[in-house]
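See below for the structure under consideration.
The values are calculated or read from the model by the stated rules, or taken from the named source; none is laboratory data. It should be emphasised that the depicted structure is a prediction, and the values quoted were computed from it without experimental measurement. Methodologically, a virtual Cβ is constructed for each residue, glycine included, from the backbone with ideal geometry; neighbour enumeration extends over all protein chains shown.
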Amino acid sequence: MSRTVPECIPELAAVPPRRSSKPQASYTEGTQSIQRAIAVLREIAAHNPRGMRLVDIAAKLQIERATAHRIMKGLSVYGMTMRDPRTNHYKLGPAVHALGLASSVHYSLAEVCEPSLIRLAEASGDSIFLMVRSGYDAVCLRRVEGSFPLQTHSLDTGTRRPLGAGAGALALLTVLEDSEIEHIIEVNTPRLEGYRIKEPEALRTAVEQSRQLGYGMNQELQTPGICAIGMVVPLAHGVPYVALSIASSSSRMRTRREELTALLTTEVTQLAKLLASQPPWI
């Protein structure tokens, strides 16, 4: 399946061959540094707003603590990260915010989708999330609370999760080709355990179940007592990269899933028509 819409953050390409062995080594080392820096920023973003300790960053990236310290020092110099002196947790820095503001002129997808989110929140009373694919992850672009807001959940605006971890992220995974799904699961396996997905096979099963249902279904997997359903916004061409999800208490979801699915279907259908009339967002 060919893509007409590029991903928010493209997957890191393999290093191209070079003629000279010396330049090749230098090029590879430089590319590896960039890859690690990007990986650090993505991990910290995934733990927003709490941040991460240096030891946890090193463990997540499977690198030496001294290497992680050098990366963090370099990112901090340029304002990409900052360290909370009270907790020693590293968080995203002001430079990331500034870059986000600069790019928001071109990427107003959240503003276009917000009326749909508000209608869903008002009609359902539940919490609504706008999820966008970003490489191997899904990012929460916007959250709107209904009249029955969730008391406990970890998905805030800007939060990044591996594809498959959560209803919206699972919906975005299910629309991909099988070979790409397998590649993403392989890459994300070390991170999935942190989202209570103990085995890759459990995610494969969730993909198949979601395909049969026609939407992503998360039953108390990430947060006990919370269930969610997620549906991609279909595109006339290319692979869908936007999803809407509804999260509710398990008791509310149990008796209202059919009703919520109908509401979600209506909104993603309308949103698909709206996005089709707009220029490419991502």
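Results, tabulated for the structure shown:
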quantity: Residues that are under 23 Å from the mean Cα position of the chain (by Cα) and part of a helix (DSSP H, G or I), drawn from segment 43-55; calculated: 43, 44, 45, 46, 54
quantity: Residues being surrounded by fewer than 24 Cβ atoms within 10 Å (Cβ to Cβ), modelled with pLDDT of 95 or more and of a type in the set (S, T, N, Q) - total across segment 216-268; calculated: 3
quantity: Hits in segment 120-143 (condition: free of Cβ contacts under 8 Å to residues at least 60 places away in the same chain and within 17 Å of the chain's Cα centre (by Cα)); calculated: 140, 141, 142, 143
quantity: Single match in 194, 164, 168 (criterion: out of contact with any strand residue (DSSP E or B) (no Cβ under 8 Å at 6 or more places or on another chain), among the small types (Gly, Ala, Ser) and crowded, with 21+ Cβ neighbours inside 10 Å); calculated: 164
quantity: Filter result for the condition that a residue is assigned to a helix (DSSP H, G or I), among the β-branched types (Val, Ile, Thr) and in the same structural domain as residue 116 (by TED's automatic domain parsing), over 268, 239; calculated: 268
quantity: Among the residues listed as 205, 174, the single one being of a type outside the set (Gly, Ala, Ser) and over 15 Å from the mean Cα position of the chain (by Cα); calculated: 205
quantity: Segment 203-224 residues that are assigned by TED's automatic domain parsing to the domain that holds residue 244, paired with ones that are aromatic (Phe, Trp, Tyr) (beta carbon under 8 Å, 6 or more apart); calculated: 221/195; 222/195
quantity: Condition met for residue 262 (part of a helix (DSSP H, G or I), aliphatic (A, V, I, L, M), within 26 Å of residue 118 (Cα to Cα) and without any contact (Cβ under 8 Å) to a residue 40 or more places away in the chain); calculated: yes
quantity: Close pairs (8 angstrom Cβ cut-off, 6 or more residues apart or separate chains): outside any loop (DSSP other than H, G, I, E, B) in segment 56-85, exposed (fewer than 15 other Cβ atoms within 10 Å of the Cβ) and at pLDDT 90 or above anywhere; calculated: 58/64; 58/65; 58/67; 65/55
quantity: Filtered residues of segment 154-198 (kept if assigned to a loop (DSSP other than H, G, I, E, B) and either hydrophobic (A, V, I, L, M, F, W, C) or on the phi < 0 side of the Ramachandran plot (or both)); calculated: 154, 155, 156, 157, 159, 163, 165, 175, 176, 177, 197, 198
